[in-house]
Amino acid sequence: MNKYIVKCPGCGEVRDPYALHCPDDDALPRTEYFKKQIEPTDMPGIWRYYDWLPVNGIIEKGSGRPVTYKSEGFAKELGLNDLNITFNGYWPEKEGAIRTCSFKDLESFPTIQRLMEHNEKRILVVASAGNTARAFTHVASITGYPVLLIVPKNSTYRLWTTEEDTSSVCTVTVDGDYYQAIAMAEKIAARDGFVSEGGARNVARRDGMGTVMLDAVLTTKSLPQHYFQAVGSGTGGISAWEASMRLIEDGRFGNNMPRLHLAQNLPCAPLYSTWTGEQTNGNCPEEMYDDVLFNRKPPYGAIGGVKDALDDTNGIIYGITNKEADQARKLFEENEGIDILPAPAIACAAIMKALEKGEIKADESIVLNITGGGQKRLEEELPTRQLGVDLEVSSDDTDAENKILEKVAELLKNRGY
Ligand SMILES: Cc1ncc(COP(=O)(O)O)c(C=O)c1O
């Protein structure tokens, strides 16, 4: 039985559940679930929040979920009394079982489940600065769903996996940045036999990331006053806002819309610049603490996008320097006892900045989304291997598209995909 519809928040019309665009406006399509009060299931990983995921089935193996706990060490250092950490990654003692060590798994599992139940056979094209590619590789390896990854050359070190059989994945690197990888992926996805994952427009990606807020609220039993996250596209921020709307409608967790505190890495912070009007100049993404946070085309102004999310939550965006991020990361790791990826250190630094600026108070309830962590821990405990690169292209090579198509034909189509 179907459990949801997809509506356009711009015109209010019900749309095809797989549509990425409304024919009448630029809004991000949004799901509406028939079940208004969420009941956690005993299914594995992310499927615990099955009620509010746009799927009608699950991938049994390999999924972890966000896990929320009340911070003691980091909270004490900052003088905060109600800091809740929602951790996405590998941390067995806390039941953290995300094998790719980032919250991008929350997007990849529902996306591929949805494609499979729609009987989609086309090759999924994913552009990524690395963590997303790792997450899609993981699910593709488990399900055998064919995926073409297009990744900036400098990000290939992030392409590791704990899985053995990655034969349904074809990896292409582009000599350029994330934006150039996206541009190349768009061209390939427009060809016959390929399908785009849809980015922020894909409800499976957003509702998957919305499980961070669901886990936080179902653990603490109330909507927090503040939510902190490091953002590139800002899609996680939109997801937290949408999940909060559903939780308010649920009725059991209060009426408080959490304030979004989004954090970007200076000087490469397009959302921060657009929102504050402040110009930031630098060598991007080379100078960044974590280049996964560089997205030159974030869904800012679209209906239901980052601007609407900030306006509706009285939200704020912080610009964080590398030095601030580094200090915050050390303080977090020393006091919480787990390693984190560089991106969430930007969110940790934003909490410190928010305190300095008086944007949050010691007794207020706060959720900090640690978007990735436990990689060092995982590497100590589980075998990992680097994913091979199947083809390297240059972003100014006029024949790059054809080269990619030939490589995919050779690798994936010959394997029966
Ligand atoms: C670990 C981590 N945190 C945060 C982000 C930012 O996510 P988004 O681009 O959806 O805003 C990313 C993006 O890749 C990431 O990998």
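Read the figures in this text as sums done on the coordinates, not as results from a lab. A quick note: this is a predicted structure, and the numbers were derived from the prediction, not measured. As a convention, Cβ positions derive from the backbone with ideal geometry for all residues, glycine included, and neighbour counts pool all protein chains shown.
A compact table of results
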quantity	calculated
Loop trypsin sites (Lys or Arg not before Pro), the range 201-257, which have at most 15 other Cβ atoms in a 10 Å radius of their Cβ (DSSP)	Lys221, Arg252
Cβ-Cβ FRET estimate between Asp397 and Lys330, R0 fixed at 30 Å, reported to 0.05	0.10
Largest-first principal axis extents, alpha carbons of the chain, Å	60, 48, 45
Computed over the range 20-85, Kirkwood Rh from alpha-carbon pairs, angstrom	15.4 Å
Given charges at beta-carbon only (K, R positive; D, E negative), |dipole| of the range 40-143 in Debye	340 debye
Segment Ser167-Leu382, extension gain: residue separation times 0.36 nm, minus the distance between their alpha carbons	75.3 nm
Residue order, fewest to most beta carbons within 10 Å, for Ser233, Ser395, Ser102, Ser222	Ser222, Ser395, Ser233, Ser102
Magnitude of the charge dipole, the chain, Cβ model with Lys/Arg +1 and Asp/Glu -1, debye to 20	640 debye
The chain: calculated mean residue ellipticity at 222 nm from DSSP helix runs of at least 4, using -39500 (n - 2.57)	-10000 deg cm²/dmol
Under 12 Å, Cβ to Cβ, from Arg158 - net charge with Lys/Arg +1 and Asp/Glu -1	+1
Pairwise FRET efficiency - His21 versus Glu117, Cβ, R0 = 25 Å, nearest 0.05	0.70
Residue among His118, Ser155, Thr132 farthest towards the positive dipole end of the range 102-162, charges placed on Cβ	Ser155
Calculated FRET value between Lys361 and Thr276, using beta carbons and R₀ = 22 Å, to 0.05	0.45
Cα lying deepest toward the dipole's positive end in the range 239-386, options Gly358, Gly374, Thr280, charges on Cβ	Thr280
Leading residue at positive end of dipole, the chain (Cβ point charges), from Leu20, Leu341, Leu266	Leu20
